[in-house]
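Heads up: the structure comes next, in structure tokens.
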Amino acid sequence: MRTPVRKKLQFLLTAIVVFTAGFQLLPEQLAFSSALTTDNLIAMSPLLLAVFGYFIFLPVLYWFWVIKAGQQKPWKMLLIFSLSALCARYSFPSNIAEYFEFITYLRYPIIGVLLIIELYLMVTIVKGLWQARKLSGDPRVHAFNQYQDDDKKLTLAVPFAWEPASWYYAIPKFSRNHAKALAQLQVNSTQRWHWLLLLTGCVVLGTTCYWLLAGWSELVAIIVASFFFYSVIFSTANHRIARHYSVYLLGDKLVVNAAFWSFIVIDVKAISEVNLGDFQQTDNQEQLLLGKAKGAGSDKSQTANIELVFSEPQTYMAMMGQMPEPVNKLWLAVDKPEQLKQQLSEALVAPGRLANAS
């Protein structure tokens, strides 16, 4: 897992811990005076810690772990401050929380504006996906190609495309005209046992959740169980993508699927080098590597056998497109690296394209 994704997950877990501690540990009322005595400071210490955690600690972490690490826009700092103010309104002692009452009034116009924007984007995206329904190929790739220059639309469009993409890949008839793969990434998802294990897990978890929740609420039990049973479609799509469509060309784009959850669409004009070799990755390296070569090194290392170098950054759509990352180089562990290099060279070598294919 690369640092930007890891740090986002770490921030999410840290924020959950901090806000949960605030809701659980802060008293409903806080009696204190303006005198700076030891007793007053001790009585105020939970509130002071909460203020520090909400408005200093978390924003600083967000700046370094999300904004800087993920190369996000600075205006997104407003999100963490707004979230902290909202949590302060409902977790701080009532005689202090009243100073955050403004957030309860501001939320309605903010929510209204956001809803208008989101609805507009959703209508635009659904319209675009509907117009693209007759296009052959991965709906996620079509959504990416259509909205790659608009971050807001892209963040919504790619997850929207995951639903039709899951059916497209899960049912062989739908993907019968799919572009032929140039190579396959070496991942566990290609194995039948991995697919059967996921299917078994979905059925067992769905049945268990229904059994545990049915006595409390049958409706909730059906909803939760349905989610796990429906995951069978995603698991099947994940297996078929990994097994048949890992790396392929679609027009002037090279598509690399890290199973079903993440992918990258590479402009072939941006590929400057295709190198064969033994590229070793350790925990200290910040290099995107997809796949894992069989018998590669120790448990703390991964080995790739082909390297793609880009003349300009390409966007890796991780975690269903919710964690996009710009990359300048890509390492792949594929089953037939020599064949992939040859096919790439034959397909892409042209004036102004691959400057080096060594």
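The values are calculated or read from the model by the stated rules, or taken from the named source; none is laboratory data. Small disclaimer: the values here were computed from a predicted structure and weren't measured. Because the Cβ atoms are built from the backbone with ideal geometry, glycine has one as well, and the counts that use them run over all protein chains shown. Side chains are part of the model used for accessible areas, which takes the heavy atoms of the whole protein and leaves out ligands, DNA and RNA. Shrake-Rupley method; radii C 1.70, N 1.55, O 1.52, S 1.80 Å.
Some points to look at:
- Selection count where residues are open to solvent by 60 Å² or more (accessible area, probe 1.4 Å), farther than 17 Å from GLU346 by Cβ and at pLDDT 85 or above, scope segment 251-280: 1
- Hits in segment 248-276 - residues which are of a type in the set (Gly, Ala, Ser) and part of a strand (DSSP E or B): ALA258, SER262, SER272
- Of all residues making up segment 168-187, the number that are over 23 Å from GLN342 (Cα atoms) and surrounded by 15 or more Cβ atoms within 10 Å (Cβ to Cβ): 4
Listed here are the residues, each with its yes/no results for (1) free of Cβ contacts under 8 Å to residues at least 12 places away in the same chain; (2) open to solvent by less than 80 Å² (accessible area, probe 1.4 Å); (3) over 26 Å from TRP261 (Cβ atoms); (4) assigned to a helix (DSSP H, G or I).
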position: LEU196; (1), (2), (3), (4): yes, no, no, yes
position: LEU199; (1), (2), (3), (4): no, yes, no, yes
position: GLY206; (1), (2), (3), (4): no, yes, no, yes
position: TRP216; (1), (2), (3), (4): yes, no, yes, no
position: ALA221; (1), (2), (3), (4): no, yes, yes, yes
position: SER226; (1), (2), (3), (4): no, yes, no, yes
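- Test: residue in segment 45-52 that is at pLDDT 85 or above, closer than 19 Å to GLN322 by Cα and assigned to a helix (DSSP H, G or I): no
- Residue check for LYS173: of a type in the set (Lys, Arg) and in contact with a helix residue (DSSP H, G or I) (Cβ under 9 Å, 6 or more places away or on another chain): no
- Hits in segment 247-261 - residues which are in contact (Cβ under 8 Å) with a residue 60 or more places away in the chain and closer than 24 Å to GLY201 by Cα: ASN257, ALA258, ALA259, PHE260
- When the residues of segment 86-106 are filtered to those that are modelled with pLDDT of 70 or more, under 32 Å from the mean Cα position of the chain (by Cα) and of a type in the set (A, V, I, L, M, F, W, C), the one that is most open to solvent (accessible area, probe 1.4 Å) is LEU86.
- First in segment 162-181 and within 12 Å of PHE234 (Cβ to Cβ), second anywhere and charged (D, E, K, R) and open to solvent by less than 70 Å² (accessible area, probe 1.4 Å), Cβ under 6 Å, 6 or more apart: ALA165/ASP138; ALA165/ARG140; TYR169/ARG240
- Within segment 315-346, the residues that satisfy the criterion of being part of a loop (DSSP other than H, G, I, E, B) and either among the hydrophobic types (A, V, I, L, M, F, W, C) or open to solvent by less than 60 Å² (accessible area, probe 1.4 Å) (or both) are MET319, MET320, GLY321, ALA333.
- Qualifying residue in segment 234-247 (condition: over 30 Å from LEU182 (Cα atoms), not in a loop (DSSP other than H, G, I, E, B) and not hydroxyl-bearing (Ser, Thr, Tyr)): no
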